[in-house]
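A short write-up of the structure that comes next.
The values are calculated or read from the model by the stated rules, or taken from the named source; none is laboratory data. Quick caveat, the model's predicted, so the values are computed rather than measured. Here the Cβ is made from the backbone with ideal geometry for all residues, glycine too, and neighbour counts use every protein chain on show. Protein only, heavy atoms only, side chains kept; ligands, DNA and RNA dropped before computing areas. Shrake-Rupley method; radii C 1.70, N 1.55, O 1.52, S 1.80 Å.
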Amino acid sequence: MNTKFFGRGHRVFLVFALTVTLVITACIDENGSSIAPQESLAISPSSLSIAVGETQQFLATATFTDGTTEDATTQAAWTSSSQSVATIDSSGLATAVAVGNTTISAVMAEGSVIFGDETTLTVGLPALISIFIMPEAATLVRGDSLNFTAIGTYADDHTAEITTSLTWTSSDTAIAREDGYPGFFEGMATGDVTLTAVDPDTGVTGSTAVAVRALTGVAVTPDPATAAVGVDFLFTLTGTATNGATADLTMSLYTNWESSDPSVADANSGGRSTANAEGTTEITGCFHDSHADSYHCDSVLFTVTPP
């Protein structure tokens, strides 16, 4: 009787031991089938760059000991180390907020075991998509220089002045050439040229047509002029080109201002004159076209009254 008892007990023990062994070495799915345990978790894509305002969908893939894989994107917990650079939601969708770097992490648990992975997300400025050059279809007076400005439009629709970051060229440097500063061109000879500005990083270009024309004459305004003693007065020199276009030559490096009687009122660069004493003087503005060795001048009377 005792022998049977111990025999049955022995058999029960063996079944219990076998059951425990199966639980440790295998997982059971909802249908009762054995499946392999998870071995790792991987994020994709890895180490990429996007622009401010853009989004990026990350995926998490679970790999099991038998080599099979499974999409675990929605099961993983997602975090961004710097939410001021980029945020990420529970589905793995990251949104770029500001320029910088952040670490994107995904974590999930398989029983008591934690699996995770991380990748670096770099956020840069939005992509440059177009360049607009101002003034558009301009007339440049021969012998004078004109400053052109480039406005860049980006993928997020914001605009910025990018003149100095571009490479500028002229289709004919004998007609117009860059004058020592990005976007600053001098009219060398009469003719038509195309000015082009290229972003060296992206290759995006912008261009504008420019007509270089000789002057037919200039005019100083106001004419006549009156101011009280002690007043700083501003004169303007306007040139008219052969195509009828006008150009403000007041501040030109090639314009010279003079007063016939500086004791009454002087004349300085930029058309500025200071009324010094009662009386009348003649203010003259002259533009020098060095490429034709010609001067274009005009004069007006400036009357200084008591203060």
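Below is a table of values for the structure above.
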quantity: Protection proxy ranking, peptides 133-141, 74-82, average beta carbon neighbours within 10 Å, highest first; calculated: 133-141, 74-82
quantity: Karplus-derived 3J(HN,Hα), 6.51/-1.76/1.60, for each residue of segment 273-289, Hz, glycine and proline x; calculated: 9, 9, 6, 9, 7, 4, x, 10, 9, 9, 9, 10, x, 10, 9, 9, 8
quantity: Segment 184-291 - accessible surface per residue (Å², probe 1.4 Å); calculated: 45 Å²
quantity: Accessible-area value, residue 232, 1.4 Å probe, nucleic acids and ligands omitted, Å²; calculated: 90 Å²
quantity: Solvent-accessible ranking of 208, 149, 169, largest area first, probe 1.4 Å; calculated: 169, 149, 208
quantity: Max mean-square fluctuation residue, GNM over the chain, Cα-Cα springs under 10 Å, options 183, 230, 206; calculated: 230
quantity: Most mobile listed residue (121, 146, 93) in the chain, GNM with C-alpha springs under 10 Å; calculated: 93
quantity: Prolate/oblate/rounded label for the chain (Cα gyration tensor, a/c 1.5); calculated: prolate
quantity: Surface share of carbon and sulfur [accessible, 1.4 angstrom probe, percent] for the chain; calculated: 55 percent
quantity: Cα lying deepest toward the dipole's positive end in the chain, options 170, 128, 100, charges on Cβ; calculated: 100
quantity: From phi via Karplus (6.51, -1.76, 1.60), per-residue ³J(HN,Hα) for segment 292-304 in Hz, x at Gly/Pro; calculated: 10, 6, 10, 10, 10, 10, 8, 10, 9, 7, 10, 9, 9
quantity: Using θ = phi - 60° and Karplus 6.51 cos²θ - 1.76 cosθ + 1.60, couplings along segment 154-165 (whole Hz; Gly, Pro as x); calculated: 10, 4, 8, 6, 7, 10, 8, 7, 10, 3, 6, 8
quantity: With all protein chains modelled, accessible area of residue 184 [1.4 Å, Å²]; calculated: 50 Å²
quantity: Exposure rank, largest accessible area first [130, 260; 1.4 Å]; calculated: 260, 130
quantity: Degrees separating the helix 2-25 axis from the principal Cα axis of the chain, which is the longest one; calculated: 10 degrees
quantity: Accessible-area order (highest first, 1.4 angstrom probe) of the listed residues 297, 286; calculated: 297, 286
